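Single-structure report; data block below.
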Number of protein chains: 2
Amino acid sequence: MSHTAELIAVGTELLLGNIANTNAQFLSKELSTLGINVFYHTVVGDNPQRLQEAVDVARKRADIIITTGGLGPTCDDLTKQALASTFGKKLEFHPPTAKKMESYFQRLGRPLTENNYQQAMLPEGCHVLDNDRGTAPGCAFSAEGCLVIMLPGPPMECQAMFQKQAVPLLKELSDGMIVSRTLRVYGIGESAAEALLRDQMNALTNPTLAPYAKGGEVELRITAKANTEEEARQLIAPVEEEVQTILGNKIYGVDVDSLEAVCLQLLQDAGLTIGTAESCSGGLIAKRLTDLPGASTVFVGSIVGYSNEVKAKLLNVSEELLEKQGAVCAPVAEAMAKGAREALACDLAISTTGVAGPGPDDRGNPPGLIYVALDSPKGCLVKELRTGFLTREQVRMSAAQFSLDMIRRYLTGLLSF
Amino acid sequence: MSHTAELIAVGTELLLGNIANTNAQFLSKELSTLGINVFYHTVVGDNPQRLQEAVDVARKRADIIITTGGLGPTCDDLTKQALASTFGKKLEFHPPTAKKMESYFQRLGRPLTENNYQQAMLPEGCHVLDNDRGTAPGCAFSAEGCLVIMLPGPPMECQAMFQKQAVPLLKELSDGMIVSRTLRVYGIGESAAEALLRDQMNALTNPTLAPYAKGGEVELRITAKANTEEEARQLIAPVEEEVQTILGNKIYGVDVDSLEAVCLQLLQDAGLTIGTAESCSGGLIAKRLTDLPGASTVFVGSIVGYSNEVKAKLLNVSEELLEKQGAVCAPVAEAMAKGAREALACDLAISTTGVAGPGPDDRGNPPGLIYVALDSPKGCLVKELRTGFLTREQVRMSAAQFSLDMIRRYLTGLLSF
């Protein structure tokens, strides 16, 4: 039997536009992989009557209601009150939750105020969902054919609670297993990927194959539903193989987090260290590599040579070259990579130089023109990238993506010197 | 008379979680500055019946309906059809729109297909909203006491069309001017700011004063409504002054974009250059400074010394010190800032060293312990920061915020050496 969930986000800050409803995005994605339909998202403010109305509408069209927000101590337990009253339940004091809060505050060395205890008031007979990243617990109950799940508003708390505690409840509802595999692709646009895979996408019903564009790359998700996980995986395997044949090494990983995570893993596996020499990317590649825990095992550092003086002094780029050809050219990228590998004493060094924009540089080079060089024990390779008319943010992101993919290609033997 | 708008976003990609509803965030913010209430956001998929139902609900509780999405050539004019039929209108062919599309496609050198002409079918008697960033025009009409505005889904198209063409229509509805001033605050939490300003916040109705927490800082927005802009500004001035008195130099700017933008401006005004030496922030400060166009006028570069070898070799940190005290201590931060100022030949240098987490470092230092040093012609100053229990991302963001604020404080004469 197929289930339908409705998401209700509670928070005036959403209606004022202070934040985007990223919880809805996260939950929608997760629910889709669980095979649960989502037909509506609703956002309401911290207003009991309007929340009540939204819940009344939702229960008519969904058998799962998931709320986010309105659980904090300053919200008068808005959400719990509204959902409990809709389903004829009272709020009760829940001593174990109060105990947990006390010890949480003790650890933080902060005093527990009277209104914090409000958070221990929960719908009678509910299943309490612990919050290991904050103070407000969530809760869940089933009533009148509807499963109600209440999650906190801060995205980190919401996501952790959903994955650890709500997913098991939702899986119980499902009469089959939904399994997904996500192929991450760099170097081809969404519409081009779609054109290459159109026949497969149209022909398939189980598994399904769907492309999503995000952050300068494409995600291809294959999702199968079956009685067991094993069966679902067997449905996925031939489709994955077919996509691999079509897109080949443009697929940089399956069920991986990001290009930088793949690079980090490949570097660790190879026992190689890396450094960067960044001009137009201004530290973005270093930042992305060091976003990851464990980066220090392979990443030694970076020389961000934004000015020509720093390029010359620390990266040993010839001043004559900089003067004659300017900073945005292949020989400078090459010299930067070589200079960084030498100065940082690392196995591999990647460099970027280009025009981030929004305008052209003082030599008339257009925004989006970028040179990336990789220096390695096998030699140095320079590539030119033209991102076209994009924003400064997009140009810089493209430069970082291209650089990380070049590292990935080197480490998987796809570059020829 | 006060108006209420409801936002309806149309798009299955939102319900699958492929994108967040950032249009709702943008529009909510804009509507709030226009003095128009927003009580609900709704998201529906590309489904005519469910969209119709959402519109039926919305028209009962709002006198302005703004839709985003569902206008493209592959959507069967879903949104226009639903809204037109709700208000008893027909879709008509609109020749000037067809003409515009023809010339748009000619400029792009792409062929115009039959379904593109569908986009020239618009509700009878509507006001056409030109799309200068894409092909799908928007439209607006008033019927039965409701103003309906339909905007395209892609955020760039939606935002440009709203600002240029929908805002004038909405201003006609409004009987006054709404003016906001935003004070940006670093160094105090949202709840502490709220506690300090509670009396003012409760006493005020026009202007209003509201705090919003975001990205390691607090935004205080003062919003006034009056017959003229001048009157609104006069209402704001005394409140702004009062807040300035209470929060003092924790306010880093008014109507500014970010801490880095303030630093960039201050550096440009002072004619000083800056460089960074980053360990735990791993290039994030350099990245944030170079996010801004014009960064090259003051930012020379960065040495990301992630490994101790790079700290010693390029930043001239004593190996003995690194061995004895480890990388996470005040003397290392100081040596890094001094080393960077020397190596990068800049006027100011800021350094970070600390434990980004998620775990403690090999000497048992807890995640979130950070040392930041600023070296300058006036001397070198080191500060310790303890961010407490936060994620790796938050620790790194806090380190960058703290560093940028230290630069701001130096340049505004708030640091004593």
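The values are calculated or read from the model by the stated rules, or taken from the named source; none is laboratory data. Keep in mind the model is a prediction, meaning the values are calculated, not measured. Cβ placement follows ideal geometry from the backbone for every residue including glycine, while neighbour counts extend to all protein chains displayed.
Observations on the model:
- For the range A:250-267, filtered to residues that are within 14 Å of another protein chain (Cβ to nearest Cβ) and in a helix (DSSP H, G or I), the residue that is nearest to A:Val304 (Cα to Cα) is A:Glu260.
- Any chance B:Val167 is modelled with pLDDT of 90 or more and either of a type in the set (D, E, K, R) or over 24 Å from A:Ala20 (Cα atoms) (or both): no
- Residues within the range A:131-152 that are in contact with a helix residue (DSSP H, G or I) (Cβ under 8 Å, 6 or more places away or on another chain), more than 16 Å from A:Ile8 (Cα to Cα) and hydrophobic (A, V, I, L, M, F, W, C), tallied: 1
- Of the residues making up the range A:19-72, those that are touching a Cys at 6+ places or on another chain (Cβ under 9 Å) and basic (Lys, Arg) number 1.
- Number of the condition not met by B:Tyr104 [criteria: (1) farther than 30 Å from B:Thr223 by Cβ; (2) within 33 Å of the chain's Cα centre (by Cα); (3) buried (at least 18 other Cβ atoms within 10 Å of the Cβ); (4) more than 14 Å from chain A (Cβ to nearest Cβ)]: (3)
- The range A:354-403, residues that are in contact with a Cys (Cβ under 8 Å, 6 or more places away or on another chain) and under 18 Å from A:Gly189 (Cβ atoms): A:Ile370, A:Val395, A:Ala399
- All conditions but one from (1) within 23 Å of B:Gln394 (Cα to Cα); (2) part of a helix (DSSP H, G or I); (3) polar (S, T, N, Q) apply to A:Asn116; the one that does not is (1).
- Qualifying residue in the range B:385-408 (condition: in contact (Cβ under 8 Å) with a residue 24 or more places away in the chain, in contact with a strand residue (DSSP E or B) (Cβ under 9 Å, 6 or more places away or on another chain), over 25 Å from A:Arg288 (Cα atoms) and of a type in the set (Lys, Arg)): yes
- Single unsatisfied condition, B:Leu7 versus (1) assigned to a helix (DSSP H, G or I); (2) at pLDDT 95 or above: (1)
- Qualifying residues in the range A:296-310 (those that are of a type in the set (A, V, I, L, M, F, W, C) and closer than 24 Å to A:Gly215 by Cβ) - the one nearest to the other protein chains (Cβ to nearest Cβ): A:Val304
- In the range B:109-124, residue farthest from B:Gly72 (Cα to Cα) [restricted to those that are modelled with pLDDT under 90 and crowded, with 19+ Cβ neighbours inside 10 Å]: B:Ala120
- Condition check for A:Ala373: more than 20 Å from A:Phe417 (Cα to Cα) and either under 31 Å from the mean Cα position of the chain (by Cα) or within 12 Å of another protein chain (Cβ to nearest Cβ) (or both): no
- Within the range B:183-208, residues that are closer than 20 Å to B:Gly253 by Cβ and touching a residue at least 40 places away in the same chain (Cβ under 8 Å) sit with their Cβ atoms under 6 Å from residues that are of a type outside the set (A, V, I, L, M, F, W, C) and assigned to a helix (DSSP H, G or I), at 6+ positions apart or across chains, in these pairs: B:Val185/B:Lys250; B:Tyr186/B:Asp405; B:Gly187/B:Lys250; B:Ile188/B:Lys250.
- Against the conditions (1) buried (at least 19 other Cβ atoms within 10 Å of the Cβ); (2) facing chain A (nearest Cβ under 10 Å); (3) assigned to a loop (DSSP other than H, G, I, E, B), B:Pro293 satisfies every one except (1).
- For the range A:139-156, a residue qualifies if it is without any contact (Cβ under 8 Å) to a residue 40 or more places away in the chain and more than 18 Å from A:Asn23 (Cβ to Cβ), and exactly one does: A:Ser142.
- The range A:315-362: number of residues that are more than 14 Å from every other protein chain (Cβ to nearest Cβ), of a type in the set (Asp, Glu) and in contact (Cβ under 8 Å) with a residue 40 or more places away in the chain: 1
- Those residues of the range B:268-290 which are within 8 Å of chain A (Cβ to nearest Cβ), among the charged types (D, E, K, R) and touching a residue at least 60 places away in the same chain (Cβ under 8 Å), in sequence order: B:Glu278
- Scanning the range A:1-55 for residues that are more than 7 Å from chain B (Cβ to nearest Cβ), acidic (Asp, Glu) and without any contact (Cβ under 8 Å) to a residue 12 or more places away in the chain turns up just one, A:Glu53.
- From the options B:Glu172, B:Glu217, residue that is of a type outside the set (A, V, I, L, M) and over 30 Å from B:Glu393 (Cβ atoms): B:Glu172
- Only one of the listed residues (B:Ala356, B:Ala349) is under 23 Å from A:Lys287 (Cβ atoms), out of contact with any Leu (no Cβ under 9 Å at 6 or more places or on another chain) and small (Gly, Ala, Ser). That residue is B:Ala356.
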